[in-house]
Structure formats: C-alpha cells, structure tokens
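The values are calculated or read from the model by the stated rules, or taken from the named source; none is laboratory data. Note that the coordinates shown come from a computational prediction; the quantities given were computed from them, not determined experimentally. Note that each Cβ is placed from the backbone with ideal geometry, even for glycine, and that neighbours are counted across all protein chains shown.
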Amino acid sequence: MIDLSIIDYSIVGIYFVGIILIGYFVKKKIKNVPDYFLAGRRLTLPIFVATLVSTWYGGTLGVVELSFNYGIVNWLTQGFFWYISYLFFAFFLAKKVRETNLYTVPDQLERFYDKKVRFLGAIFNFLMVTPAPYMLSLGIIFSLMFGWPAWVGIVLGSVITLFYTYRGGFVGDVITDVIQFFLMFVGIGLIIPFAIAQFGGLEFLQANLPASHFTLTGEWTTQMILVWGFIAFWTLVDPSFYQRCYATKDSSIPKKGILISILFWLVFDIFTTTIGMYARAAMPELDPVTALPTFAAAVLPTVFAGLFFTGLLASIMSTIDSFTLLGGMTLSHDIYKKVFKPDITEQEEIKATRIGVVITLVFSVIIALFASSIIGIWYTIGTVGISALLVPILFGFFYNPRKTSSRGEKKIPASAAFYSIIFGSLTAVVWLVWGYTHLDYGWPVYWFNIEPMYPGLLASLVVFLGVLFTRKPKEVTEEVEI
C-alpha cells in the first residue's frame, strides 16, 4: 500500500465527487438519440481533440510497464506505429466517416454489405470496446492507494462510471473527458521534473539501465515488434475513433483534430517512456505492473502526489466511460434494435442503451476479475478483433469496382465480408488457444513460432478476395436505412 497524506486523498476525492455531479446534472441535456449517442453532433475542434486524446490513452500502467521492462522500444511499439495509423485515419478515413452521418462501426458494415455482416461485426465491435483492461488498472491503483483487494477497486470504479455514463451518455462522457484531458497531462507530467531533480538526468539513466533500454528494438524479436505494428491498426476499426468523428459539427474537424491529437499523444508517450525508465533505474526491485504509481508516490511531495493520482485515475476513467457507452450502444443500436425490435422509439432506444451499459460493465468486470495482465487483455482482444474487422472495413471504404448501377457504384458481395470475419477471427482464436495451452517458462508457444495476428489477417484477406473474385456482386439500387 502507498502512503499518501490526507490532502492527497482529498484531491482524489474532489475529482470523484466532481464527475459524479456532472453525471447527475447532465441528464437534463439528453433529449433524443443523437444527444445520447453523439452529443447532438455538435463537437467543436478543441472538444474533439480533448475527448479523443483522453479516451485513447487509458492504458498508462501498461505502457509504463513496457518501458520499465524494455526501455524505448515502448515508444516504437506503443507510439510510432500508432502515429502512422492515426495519420492514415486522418488523411484517408476521417472525412469519409463523418460524411456518412451514421452512429457506429456496424452501421458502416451494413452500409457496405448487409445486415448479417452488421450483426457479426457488432459481436466483435462489442469485444473491442470492453473496458476490462482499464478496470483492471483501476483495481490495481485502488489496491495501492487504499490497501483494498483489487476486486473492490474494480467494482467501485465500475459503479462510479455507471452513474455518470448511464445518465449522461456521450454528453457526460465528453464533459468528463475534457476535465480528464487536463488532469492526465498535469498529473503524469509532474513526475519527470521531480525525478530529474532527485536522481539526475540522462547520465543517471545510462549508468543504471541495461544498454538494450536505449535501443529501438530492446530485447524484442522483429516478429514481435511487427505484431504490435499490426495491433496499431486497431485505430482503423476502433469504435471510439468513429464515434468522435460522427459527433463533430462538420466533416473538416476530424482530420484537423486527429493531426493535433498526434502531437499530444507524442508528448504523453515521451512522459510515460521516460517515467518507466526512471522507475527501473532508481527502483529496479519494483513490480513492473505497479511501477508507475509506486515510483510517483516515492518522488512526489504532498499535493503533487494527489494531483498525480488524480491525473492517473482520470486517464483511465476517460477510457472506461467511453468504452462502456460504446458497448451499450452496440447492444442496443446494433443488435437489439436491428435484430429484435426495428420499430423501437428513440426513448426506448436510450433506455435499451442504458441497460446495455450495465451489461457491458458487468461483462468487463468479470473479465477484469479473472485477468492477470493488462497487456495480455490488449493483445488478445486486439488480435481477434483486428483479424475479424480490418479487411472488410478497409475494402468497404476503398474498393471501387466498375461503375454499373443507377447510383454509379456496385456493391461488394456481402458474403465476402461475412466469411472473411468468420475465418479471420477463427484462425486467430485457434492460434491463440494453441499458444496459451503450450507454454514455455510462462510464455505461449505458437505454431511455427508465428504470432496469431499474421495467420488471422492472412485468412481474412484470402477468404475475402476468394469470394470477391468468384461471386457476382449485387448492384446497389437504394440507400441502406440506418
């Protein structure tokens, strides 16, 4: 347990009271589905940047764990590869996504293909928005701060998230994200100047860290590094990216906002990589999973420690609330409404989404309670979800066969996407299961020593192309009703 002063605990307490009050009062702003799902599509550029940056960086404990163990390879795998993915999204997808005027990723899949593909995609969409790894982070932090078992922190964090997300929807999410954006940068950034003052600068790090910590590849194999490069494609199918693009005032904002956000992510990645390396150099005996909060508590004085823990909690909570709402939207809008009750009213859909929020939290709490590694959850979810969704989504946006229909376009056979999702995800799952049941010193050993995402994506692509070039596509004669 970390020893904090009453002042530090008070600062954290004020933060929680504040976000609960936001959830209480923001409900009055919710009038219809666009309000609850997308804040009425009124996001301005500054708000878009704040909510995107804070939502996308909930895995602070995990990235510091990587930099503690391996050094600046953390920046390569958790930073550089992702910047490339962000740039691709900004220049080639952002405007297209906003101009569709939809709500979710499965909406896009139905627009490209059909309702069966939408339903199948919704299942993997739900998997990818589970906030389980961030709940596990929250449980670890509460355990350190208060001495509670991790499960208590996981459950308590889910209850707090439930209150303001259930009531406020995306409006409440955005308001808290803006607050959390400032807190996360102030809280995390505070550690570096205090660490430099106490231990010294680059010379200290070079004298107390393995030489591999200063190389881009660290101790990682090329294959493992490239796997994280593929995991960065998560951005291209991530529901939170799409949701924020849908929610902007106009189609020019997403591209500008993502480009600005990259600068903030770059700064934050420098923070987390530097902090992880300082923690390893100064306190090599620390548990890597808890290195960030333990090191911060050791170097920060009263008040600053309180601000740090508030910022750390804010960075995690901003992702939990966003993913929880997206999970609720998937269950209500993409599954319940489309499959079971197409004539649902807006108020009924909001109610169904709130029930979906509860189901998402319960599902995620169960995963978090039985999981042992934040990185492990990311890796597993990312491998399966990307193997399933990346190929059909990118083909939907970019494949443009010969124009033949009255609207000047031809639709890709829906079966290409349907079977691509099935075989891509199934291949990845089988590969993962084999590895997890064949361990070598605790590490999974996969077939032919090939990481699961490679065969998963290959199977998805081969099946998609096989169906695409052997089946005649249907002409599009009308818009798909969303």
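Might you check whether a residue that is modelled with pLDDT under 95, surrounded by 13 or more Cβ atoms within 10 Å (Cβ to Cβ) and of a type in the set (Ser, Thr, Tyr) occurs anywhere in the range 229-236? Yes, because at least one residue in the range 229-236 is modelled with pLDDT under 95, surrounded by 13 or more Cβ atoms within 10 Å (Cβ to Cβ) and of a type in the set (Ser, Thr, Tyr).
Say whether the condition of being in a helix (DSSP H, G or I), within 17 Å of the chain's Cα centre (by Cα) and hydrophobic (A, V, I, L, M, F, W, C) is met by at least one residue in the range 99-111. There is at least one residue in the range 99-111 that is in a helix (DSSP H, G or I), within 17 Å of the chain's Cα centre (by Cα) and hydrophobic (A, V, I, L, M, F, W, C). All conditions in (1) under 30 Å from Val358 (Cβ atoms); (2) out of contact with any strand residue (DSSP E or B) (no Cβ under 9 Å at 6 or more places or on another chain); (3) crowded, with 18+ Cβ neighbours inside 10 Å hold for Arg244, with the sole exception of (2). Taking residues in the range 244-262 that are farther than 19 Å from Ile175 by Cβ, and partners anywhere that are surrounded by 24 or more Cβ atoms within 10 Å (Cβ to Cβ) and of a type in the set (Ser, Thr, Tyr), the pairs with Cβ atoms closer than 6 Å and at least 6 places apart or on different chains are Pro254/Thr248. The helices (runs of 4 or more DSSP H) located wholly in the range 2-56 that include 3 or more residues which are more than 18 Å from Phe181 (Cβ to Cβ) and under 25 Å from the mean Cα position of the chain (by Cα) occupy 33-38.
Considering the conditions (1) surrounded by fewer than 20 Cβ atoms within 10 Å (Cβ to Cβ); (2) touching a Gly at 6+ places or on another chain (Cβ under 7 Å); (3) farther than 26 Å from Thr360 by Cα, Gly187 is excluded by exactly one of them, (1). Scanning the range 112-130 for residues that are among the hydroxyl-bearing types (Ser, Thr, Tyr) and within 20 Å of the chain's Cα centre (by Cα) returns a single hit, Thr130.
When Phe163, Phe142, Phe80 are screened for being closer than 29 Å to Gly456 by Cβ, in a helix (DSSP H, G or I) and either in contact with a helix residue (DSSP H, G or I) (Cβ under 9 Å, 6 or more places away or on another chain) or hydroxyl-bearing (Ser, Thr, Tyr) (or both), only Phe80 passes. If you check Leu457, Leu461, Leu432, Leu426 for being in a helix (DSSP H, G or I) and free of Cβ contacts under 8 Å to residues at least 40 places away in the same chain, only one passes: Leu426.
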